[in-house]
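The values are calculated or read from the model by the stated rules, or taken from the named source; none is laboratory data. Treat the numbers as computed from the prediction; the structure is a model and nothing was measured. Neighbour counts run over all protein chains shown; Cβ positions are idealised from the backbone, glycine included.
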Amino acid sequence: MTEKKTFSFSHQAMATFFEVFVAGHDEAYARSAAHEFFREIDRLEEFFSRFDERSEISRINRLRPGEVLPVSLETYECLKLSFEMMVETGGAFNVNFRALRQEFSEIKAGERKVKSWDERSGKRERQSSRQGLEPTETGKIEFRSGVEGSEKAGKTARKKYKNRDEEQMAGTFGCGVPVSSSKQSVMNLTFGAYAENKKIDLKPYLRLFPLDLVEQAGGYGAVRLNIPDVVLDLDLGAIGKGYALEKAVRIFEAWEITDFLVSAGGSTVYACGSEPWPVSVGGGFDFFQPGKIYLKERALSGSGHEVKGEHIFDPRKKCQKSRHLAAWVSHPSPAVADVLSTAFMAMGLEEISKYTESHPEVWALVLTRNKKSHRFKEVEFFEKGD
């Protein structure tokens, strides 16, 4: 493989450093193209940042039941892909995981509180009996089940927000595009064409992704919160960087740059060129010898605990402990690779095997907690370490 004369540039965005490596052009030209690439990353960050109250994700997180928010095509696409990947991975991937974590913590806290109340109540009853007083019914806390509570709250909210919803949907949508009614414009992915196409029951995902995605002719999109009693705290950290890479590399087409590698913090990379780019995979652990993967119009994304420790939340088990130590996934799409590297951390080996078998474009390497490596698919572009 011939060496490539490359020029590299870096830029801080999305709480990490993005890097661009360009081959086949002089430094000044490569620098100008990289500048435009980074400008696109900054533009996408303005949509996706949950720390900026003006961003679309922050505004979505503040939605009240029935409210509709027009969003950019990029936000819409990212949320749509997030929903589809959540379903494909059986809930192992979820951009609303912060809300699930909070809900689970509150339930646990409530259980502890009930137990404490019951213990104190029993003690008071025994004391009052000794004093010749009738025991009173105190300290009881009633919890409705999620289904019962949501059904009751849902009926109230539908009455309360019906007029508001109809008023918003009948108004202008996007850049002056009229929306005549919700029936014509709402594409509810849980019961619409996506459900029919996949032929699976999507009801379990309603509370995990409590948003309707609204489409209108002309490419305009919006979101609507459709369940009143859920916590919404979207975080695109496990898809946003990969999506940003995928979107920003289109800049290079206009610059006629075809030989490049781009990276989002080193966790997700994408390469394109006449020859493949070698990228190390499987590093960070003293018990495992890293190898190389050769990328050509493919992405590689990795997730693990070697840097940040136990930071990956398992949406299905609702715990801050994933099944594995690390996972690397290669896919033609940087966004999908980003998603799957996180999802595979919460999926069992058998699940991952079935997924890769049904998706031939996916390659994966997983390190389990017993310090064993599992590679899914033997491919020509992977080279073991010495």
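Brief remarks on what is shown
- Here the condition is being in contact (Cβ under 8 Å) with a residue 24 or more places away in the chain, basic (K, R) and farther than 19 Å from Q12 by Cα; of K241, K292, K247, it holds for K292 alone.
- Of all residues in region 30-55, those that are within 12 Å of G240 (Cα to Cα) have Cβ atoms under 7 Å from Cβ atoms of residues that are of a type in the set (K, R) and crowded, with 17+ Cβ neighbours inside 10 Å, 6 or more apart or on another chain, in L44/K247.
- Residue selected from region 21-35 under the condition part of a helix (DSSP H, G or I) and not hydrophobic (A, V, I, L, M, F, W, C), by the criterion farthest from L232 (Cα to Cα): E27
- S322 under 22 Å from L236 (Cβ atoms), modelled with pLDDT under 90 and surrounded by 23 or more Cβ atoms within 10 Å (Cβ to Cβ): yes
- Subset of region 235-251 [touching a strand residue (DSSP E or B) at 6+ places or on another chain (Cβ under 9 Å) and at pLDDT below 95]: A238
- Just one of the listed residues (F18, F38, F51, F7) is part of a strand (DSSP E or B), of a type in the set (F, W, Y) and out of contact with any Asp or Glu (no Cβ under 7 Å at 6 or more places or on another chain), namely F18.
- Strands (runs of 3 or more DSSP E) within region 196-280 that include 3 or more residues in the same structural domain as K292 (by TED's automatic domain parsing): 260-264, 268-272
- Condition broken by F285, with the remaining ones in (1) within 20 Å of D338 (Cα to Cα); (2) part of a loop (DSSP other than H, G, I, E, B) satisfied: (1)
- Residue in region 286-296 that is surrounded by fewer than 18 Cβ atoms within 10 Å (Cβ to Cβ), more than 30 Å from Y29 (Cβ to Cβ) and charged (D, E, K, R) present: yes
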